[in-house]
Amino acid sequence: MAAHPPPAVSKSLSARAIMAATAGNALEFYDFITYAFFAIQIGHAFFPKTSEFGSLMLSLATFGAGFITRPIGGLVLGFYADKVGRRAVMMLSFTMMGCAIIGIAIIPPYTAIGIAAPILAVLCRLVQGFSLGGEVGPTTAYLMEAAPLKARGLAVSWQSASQSIAATTGASIGVLLSAVMSTSALDSYGWRIAFLLGAVTLPFGLWIRRRLPETLHEEEPHAVTVTRAQTRLGAVRESWRIIMLSLVVLAGGTISTYVFDYMTTYAQSTLHFSATVGFAAGALGNLVGVGAVLWGGWLSDRIGRRPVMIWPNVAYLLMIYPLFVWIVSSGSPTVFLVVNIVLGFVSSVNAGAFYAAFAETLPKSIRGGTFATIYATSIATFGGTTQLVVTWLLKATGSPMAPAWYLLVATAAATIAMYLILESAPAQVTPHALDILPELEPAHVR
C-alpha cells in the first residue's frame, strides 16, 4: 500500500502544530540536559572514585562528549531536512534520542562492569549529540515556516522556550528526588529514574510528530532574503555575515545557558548548599525563562528583532558581576535562588528574537541545515567545554567568582554581535520592499 503524504500546512500555525513541535523538542532537550543536573551522581556511578574532583571532571568530560557529534548531526540531518522535509528528520532525531537515553539509564555501574561503564556512557552521549544536532535546525525552520508572517517571533520563541521547559522539568525532578531520597540512594539509582521518565515519553513524542504537516515545499511569500546562488554552497556563502554574527551570539548564549545549568553543581560543590537548593535554583531560573523568551518573541514581532535582542542583553551584562558578588558575600540559599530567578529571566528575553532573526534571514533552501550546523558548532565548541572550564577556573583560582568572569566576557561579545545584526522583522522591514521582492527575483526568493 502506498504511503500517504503528510498533510499540507495551513495558512496559520495551529496550536496543535506548535504543541507537537515544541513538545518533541522539549523531550529531546530534557533527555540531553538532565545529564548536567546529575553530573555528580553520574560521576559516582560510572567512574572510579579516585577523588571527588576527579570523578566530577570525568563525568563532565563525558557530558561534553555529547557535543562532539552535534555539528555532524546538524550538518547531516539539517541539510537532509532541506532536501526531504522537516518532519522526517524530526521523527528520526527523536527516535535516536530515545534509544540513547534508555541506554544511559540501564548501563551498570563501574563497580559492576569496570571500564565498560564509561565507554558505554560516552557512546550513548555521542548518539544523543548527533540526534540533538539535527533537531534544532529543522524544528526552528518548521516553526517559522508554518507561522503567520507577523507572528514568526512568537512561534520561533517556542524553540527556546521548549529548552527552558525541559530544563525546568529536569531540575524539578531533581528537587523531588533529592528531597525524598537519601544521598546514597540518589547516587545508586535515583538519577536513573530521572532518565527513564524521559524515555517513557518516547511513544507520545513519535505520535505527535508523525501527525505534523510538512512545510518545506510550501510557498513562502514575502521572503526577506533574496539569493542569486544556484547551489546550497553558494547560498551559504551569500549568507556569511549573518552566519558569523550568529556564531558569536550563540557562543555567548551557550556559555550562559550551561553556566546556569552548572549552578546545581556549583551550589553543592562550591557554596556547600544542599542538592535541593541547587535543583530548585535551576528549576526556578528556567521556569521564568519560559515566560521571558515567549514575551520577547511576541514583542519582537511588534517593535523589531534588534531592540529585543540588544537592550535585555545590555541589562544582563550589567547585572552579572554585582549579583554574583551578592551570592558569594551573603552565603545565603535564598539569595542564590533570587539571583538565579532574576538572571534567568533577563538572559532569556532576547532568545526568541534572535532565533527568528537568524532563521528568517537565511534562504529557505539552506535554512534547516545552516541553522542546525551553526547552532551545533557553537554549542559543541562552548557548551561542551563550559562546565569543564568553570570547574577548572574554580579550582585554579580558588575564587567562587570564576563563573561570573566567564559570563562577562561571553555576554559582552554576544551583545556586540547582536548590535551588528540587521533588522529582519516583517513589521519593521519596508513593506514596499517586501511586496516587490517576488516580482524582482521570482526564481530566487526562498
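The values are calculated or read from the model by the stated rules, or taken from the named source; none is laboratory data. None of these values were measured; they are calculated from a predicted model. Backbone-built Cβ (ideal geometry, glycine too); neighbour counts: all protein chains shown. Note: accessible area is taken over every heavy atom of the protein model, side chains too, but ligands, DNA and RNA are not part of it. Shrake-Rupley method; radii C 1.70, N 1.55, O 1.52, S 1.80 Å.
Miscellaneous remarks
- Within the stretch 83-188, helices (runs of 4 or more DSSP H) holding 2 or more residues that are open to solvent by 10 Å² or more (accessible area, probe 1.4 Å): 86-106, 110-113, 116-133, 152-180
- The number of residues in the stretch 106-149 being closer than 20 Å to residue 24 by Cα and hydrophobic (A, V, I, L, M, F, W, C) comes to 11.
- Residue in the stretch 272-279 that is of a type in the set (Phe, Trp, Tyr) and within 17 Å of residue 159 (Cα to Cα) present: no
- Residue within the stretch 292-301 that is open to solvent by less than 10 Å² (accessible area, probe 1.4 Å), in contact with a Gly (Cβ under 6 Å, 6 or more places away or on another chain) and of a type in the set (A, V, I, L, M) present: yes
- Residue 254 vs. criteria in contact with a Ser or Thr (Cβ under 8 Å, 6 or more places away or on another chain), surrounded by fewer than 20 Cβ atoms within 10 Å (Cβ to Cβ) and assigned to a helix (DSSP H, G or I): no
- Selection status of residue 80, modelled with pLDDT of 85 or more, part of a helix (DSSP H, G or I) and open to solvent by 50 Å² or more (accessible area, probe 1.4 Å): yes
- Once the stretch 230-247 is narrowed to residues that are hydroxyl-bearing (Ser, Thr, Tyr) and touching a residue at least 12 places away in the same chain (Cβ under 8 Å), the residue that is nearest to residue 364 (Cα to Cα) is 239.
Residue-wise test of (1) open to solvent by 10 Å² or more (accessible area, probe 1.4 Å); (2) free of Cβ contacts under 8 Å to residues at least 12 places away in the same chain; (3) of a type outside the set (Gly, Ala, Ser).
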site	(1), (2), (3)
336	no, no, yes
348	yes, no, no
359	no, no, no
385	yes, no, yes
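Yes or no, residue by residue, for (1) within 11 Å of residue 369 (Cα to Cα); (2) without any contact (Cβ under 8 Å) to a residue 60 or more places away in the chain:
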position	(1), (2)
99	no, yes
105	no, no
126	no, no
133	yes, no
136	yes, no
142	no, no
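- Scan of the stretch 311-334 for residues that are of a type in the set (Phe, Trp, Tyr), open to solvent by 40 Å² or more (accessible area, probe 1.4 Å) and under 17 Å from residue 351 (Cβ atoms), ordered by number: 311
- Taken together, the criteria place residue 221 among residues that are open to solvent by 60 Å² or more (accessible area, probe 1.4 Å) and at pLDDT below 80.
- Filter result for residue 62 (touching a Pro at 6+ places or on another chain (Cβ under 7 Å), open to solvent by less than 10 Å² (accessible area, probe 1.4 Å), over 14 Å from residue 386 (Cβ atoms) and of a type in the set (Val, Ile, Thr)): yes
- Condition met for residue 417 (under 27 Å from residue 37 (Cβ atoms) and modelled with pLDDT of 90 or more): no
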